[in-house]
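The values are calculated or read from the model by the stated rules, or taken from the named source; none is laboratory data. Every value quoted in this text rests on a predicted model; they were computed, and no experiment measured them. Cβ coordinates were reconstructed from backbone atoms using ideal geometry, including for glycine residues, and neighbour counts include every protein chain displayed. Note: areas computed on protein heavy atoms with side chains; ligands, DNA, RNA excluded. Shrake-Rupley method; radii C 1.70, N 1.55, O 1.52, S 1.80 Å.
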Amino acid sequence: MPRTPPLAPRNFPPCGWPDAYVRRSEGCDPRFFGRNGLGEDVRVAELARVCSARGEVVLRRRGDGALELRVNGVFVMDDQETSSEELLASTALEAVRHPDRVLVGGLGLGYTVRALLANSRLGQVIVAEIEPDVVSWMRSGLVPSILDDPRVGVVVDDVRAVVTDLPDASVDAILLDVDNGPDFLVYNENSAIYSSGFLTTCRSKLRPGGVLTVWSSSASAALETAVGSVFGTCAVKPVPVDLQGRPELYYVYQGSS
């Protein structure tokens with residue numbers, strides 16, 4: 001998923017962005033919103049805005065036609081550049097012989113799940129999404145839905161709780177894409193997702209031959225070390241992406257059981 005790192009990690013209270021930071025008419029932070037990756041002004045239309053315990057989530061349509069999701073003022077993803085989400089899915093599918101049951105951490109705009117569903121070998125996919133309104137936007141049609149596929153089930157909860165509640169050796173793959181990666185967190189508490197403790201929990205839930213893939217907006221030596229320490233080895237795949245006219249590299253980290 002294309003991301004722009006925040007200025008600093010933030011934990012906001014409900015309705016987290018202070019009014020001084022938000023241009024309500026455009027749904028954007030005047031410091032860096034309303035511009036594309038080339039620094040050009042773009043008109044935006046806000047489609048939905050909600051506040052939760054983790055802060056503010058905004059869905060908007062940019063002037064270039066792209067659907068865009070922002071969390072606490074940070075660009076999280078759009079539907080224009082989805083290659084890294086697709087690689088997160090294809091990397092897992094290529095590593096697993098029988099992907100009968102897969103768990104995805106983070107629904108977003110649905111492109112990781114959509115890439116999984118395109119593979120006829122897929123059995124069931126469980127999606128853990130902590131923001132109920134993100135799920136509601138997809139169910140209502142604000143975001144093109146993949147939830148009507150009978151192979152998809154959604155659990156509205158923190159991915160850490162969802163994974164912990166799984167029986168041991170019960171899934172063939174776990175795909176984690178719930179933040180910008182360990183070095184550019186939108187929400188500080190997500191740091192635990194990249195820790196060896198949670199990664200060890202993930203491994204215990206994988207069947208023999210299962211795989212973990214993790215998305216990150218930057219190269220992370222700490223994440224590579226953590227995955228390697230839990231799984232024995234860690235494969236790192238850079239993903240060249242075009243972020244609204246600006247070339248970027250994102251990364252997928254892989255560990256196999």
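Filtering Gln244, Gln254 for residues that are at pLDDT below 95 and either of a type outside the set (Asp, Glu) or open to solvent by less than 10 Å² (accessible area, probe 1.4 Å) (or both) leaves a single hit, Gln244.
Looking across the stretch 40-57 at every residue that is closer than 17 Å to Gln80 by Cβ and at pLDDT 90 or above, the one that is surrounded by the most Cβ atoms within 10 Å (Cβ to Cβ) is identified as Leu47. On the stretch given as the stretch 131-145, residues that are in a loop (DSSP other than H, G, I, E, B) and either modelled with pLDDT under 95 or over 17 Å from Val186 (Cβ atoms) (or both) total 5. Per the conditions (1) within 16 Å of Val104 (Cβ to Cβ); (2) open to solvent by 40 Å² or more (accessible area, probe 1.4 Å), the sole criterion not satisfied by Leu212 is (2).
List the number of the failed condition for Cys234; all other conditions in (1) touching a helix residue (DSSP H, G or I) at 6+ places or on another chain (Cβ under 7 Å); (2) open to solvent by less than 20 Å² (accessible area, probe 1.4 Å); (3) within 24 Å of Leu116 (Cβ to Cβ) hold. Looking at each condition in turn, Cys234 falls short on (2).
Among the residues of the stretch 92-99, some residue qualifies, meaning at least one is touching a helix residue (DSSP H, G or I) at 6+ places or on another chain (Cβ under 7 Å), open to solvent by less than 10 Å² (accessible area, probe 1.4 Å) and at pLDDT 95 or above.
Criterion first (over 14 Å from the mean Cα position of the chain (by Cα) and under 24 Å from Gly209 (Cβ atoms)) does Val113 satisfy it?
Numbers: over 14 Å from the mean Cα position of the chain (by Cα): no; under 24 Å from Gly209 (Cβ atoms): yes.
No: the conditions fail for Val113.
For residues that are in contact with an Asp or Glu (Cβ under 9 Å, 6 or more places away or on another chain) and closer than 17 Å to Ser52 by Cα, scanning just the stretch 118-154, find the one that is most open to solvent (accessible area, probe 1.4 Å). Restricting to residues being in contact with an Asp or Glu (Cβ under 9 Å, 6 or more places away or on another chain) and closer than 17 Å to Ser52 by Cα, the top hit is Ile130. Checking each residue in the stretch 182-209 for being of a type in the set (A, V, I, L, M) and either touching a residue at least 40 places away in the same chain (Cβ under 8 Å) or open to solvent by less than 10 Å² (accessible area, probe 1.4 Å) (or both) picks out Leu185, Val186, Ile193, Leu199, Leu206.
Evaluate the following for Val230: is it among the β-branched types (Val, Ile, Thr), more than 22 Å from Val76 (Cα to Cα) and either touching a Pro at 6+ places or on another chain (Cβ under 9 Å) or at pLDDT 95 or above (or both)? Walk me through how you get there before you give the answer.
Working: among the β-branched types (Val, Ile, Thr): yes; more than 22 Å from Val76 (Cα to Cα): yes; either touching a Pro at 6+ places or on another chain (Cβ under 9 Å) or at pLDDT 95 or above (or both): yes.
In short, yes.
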